[in-house]
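The values are calculated or read from the model by the stated rules, or taken from the named source; none is laboratory data. The model shown is predicted, which means the values in this text are computed figures rather than measured ones. Heads up, the Cβs are rebuilt from the backbone with ideal geometry, glycines too, and the neighbour counts pull from every protein chain shown. Areas reflect the complete protein model, heavy atoms only, side chains present, ligands, DNA and RNA absent. Shrake-Rupley method; radii C 1.70, N 1.55, O 1.52, S 1.80 Å.
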Amino acid sequence: IVFLIKKNKYMFKLCLNYLGSFMILSLIFSCASDISKIDSEKELIEKALDIHNRVLTLDTHADTPLRMIQPGFDLSERHDPNETGSKLDYPRMVEGGLDAVFFAAFVAQDIRNDDGHNRAKNLCLQMIDSVITSTNRNSDMVGLALNPEDAYSLEKEGKRAIYIGIENGYPIGNDLSNISLYYKKGVRYITLVHSSNNDLADSSTDSNGPEHEGLSDFGNEVVKEMNRLGIMVDVSHGSDSLFYDTIALSKAPIIASHSNARKVTNHERNMTDEMLKLMAKNGGVVQLTMLSNYLREVPPNAEKDSAIAALRSSMKPVAKMTEEEQNEARESIKKLNDMFPVPLANVKNVVDHIDHIVNVAGIDHVGIGCDFDGGGGIEGVFDASEVMNITIELVRRGYSEDQIEKIWGGNLIRVFKEVQAIAEKIQTEEV
């Protein structure tokens, strides 16, 4: 063929013309395909944003009250997350289409004696009061929410709903009456434990291992009192034994306000498939969190691991540190993290976990708890202004509007209502 082309100039020109035409047609079809993809993506995003605006979007976990007690911090102002570290404020809730949030009053575990418990209680009340004060000062933008229906009524008014939770049962101390005090102040869920064991229960991450083999005797009474009052019982951060004790004891459905699936990412803070199935049986809900280490396996970094190990070996146990020493320790760890940055997880990782929980537990038992201002923030959902990207990925994977409505708030609201109904029944039986 090559010989014939060389001998026949006409055929040679014909081949060139054909080749040129083929390349032009290929380019045209390629451009048309790219344009079609762009149009399809634009339509998908528009569809997702319409859904996001229609459904109630509720985030069950933000540690923002820690910032609210800092002098000069104002939630009505927009903050740059890269400059201030702040991940949530009222303007960014509006930007992200986030309708409701649970502000968690977080108190780090400290000495477990009367002095320690009193300090924890006072700090917890200070944070709760700061939330109430902020909602009162910004009543044109937000409202304090106490019941499930409040989120919907505030949304109709064009306002954001602010709920209150407590992360770590440590501020309860050894006094059951504190739970009633917190309820009257507006608290609607309590995370039983945090990163270390307390008098209520065992943590999943205490370096000393289990102390109570789940719930303590006092922890059992705490769960019963929360059921009686209508406070949601939160098992995030708890040990596996705590989970099994709590789900067996609680008369009401329980929640995990910010936890993921262990099958997808093998972290002790995440929930096993057996736990997910029991959550479905219990009627509870697992709220996905935006913390990278719970969303994907941490890429290995031997140099960073050695540096952190050396730092920790030079530190006292957290329980023996003063508040100043704890702050210094956190700052030292932050400096190391800044020196050795780890690539963030992304929105696809989040929806991988949602897919798994839906497959194991069902669409009625999964929600969103971002953990903003407590470590949460990933690529694509770095702060509250970007939460709509979760909805976009859900639409991309074929979730319907009804399913997205359940994930973004419907499931948690259902549990909230059931918890209140059971509390009313318990109180009626007492009378």
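Tell me, yes or no, whether the stretch 203-212 has at least one residue that is under 22 Å from Y90 (Cβ atoms) and surrounded by 16 or more Cβ atoms within 10 Å (Cβ to Cβ).
no
Do we find that S239 is within 25 Å of the chain's Cα centre (by Cα) and modelled with pLDDT of 95 or more in this structure?
It is true that S239 is within 25 Å of the chain's Cα centre (by Cα) and modelled with pLDDT of 95 or more.
Which residue, of E405, E386, is among the acidic types (D, E) and over 21 Å from M279 (Cβ atoms)?
Only one candidate qualifies: E386.
Could you give every pair whose Cβ atoms fall below 9 Å, whose first residue belongs to the stretch 359-375 and is on the phi < 0 side of the Ramachandran plot and in contact (Cβ under 8 Å) with a residue 12 or more places away in the chain, and whose second residue is aromatic (F, W, Y) and in a strand (DSSP E or B), counting only separations of at least 6 or pairs across chains?
G369/F102; G374/F106
Which one of these does V233 not meet: (1) in contact (Cβ under 8 Å) with a residue 40 or more places away in the chain; (2) under 28 Å from I407 (Cα atoms); (3) not in a strand (DSSP E or B)?
Against the list (1) in contact (Cβ under 8 Å) with a residue 40 or more places away in the chain; (2) under 28 Å from I407 (Cα atoms); (3) not in a strand (DSSP E or B), V233 comes up short only on (3).
Consider M93 carefully, then state whether it is touching a strand residue (DSSP E or B) at 6+ places or on another chain (Cβ under 7 Å), surrounded by fewer than 23 Cβ atoms within 10 Å (Cβ to Cβ) and among the aliphatic types (A, V, I, L, M).
No.
State which residue is farthest from the chain's Cα centre (by Cα) when the search covers only the stretch 250-274 and only residues that are closer than 19 Å to V419 by Cβ and surrounded by 24 or more Cβ atoms within 10 Å (Cβ to Cβ).
Residue satisfying both the conditions and the ranking: A252.
Which residue pairs have Cβ atoms closer than 6 Å, lie 6 or more positions apart in sequence or on different chains, and pair a first residue in the stretch 308-335 that is surrounded by 11 or more Cβ atoms within 10 Å (Cβ to Cβ) with a second residue that is among the charged types (D, E, K, R)?
That search, which allows pairs on different chains as well, returns nothing.
Across the stretch 287-302, what is the number of residues that are of a type in the set (D, E, K, R) and either at pLDDT below 85 or open to solvent by less than 30 Å² (accessible area, probe 1.4 Å) (or both)?
Qualifying residue count, the stretch 287-302: 0.
Does the stretch 354-369 contain any residue that is over 24 Å from K263 (Cα atoms), open to solvent by 40 Å² or more (accessible area, probe 1.4 Å) and assigned to a helix (DSSP H, G or I)?
no
Does Y244 satisfy the criteria of being open to solvent by 50 Å² or more (accessible area, probe 1.4 Å), closer than 19 Å to M275 by Cα and in a helix (DSSP H, G or I)?
When the stated conditions are applied, Y244 passes them.
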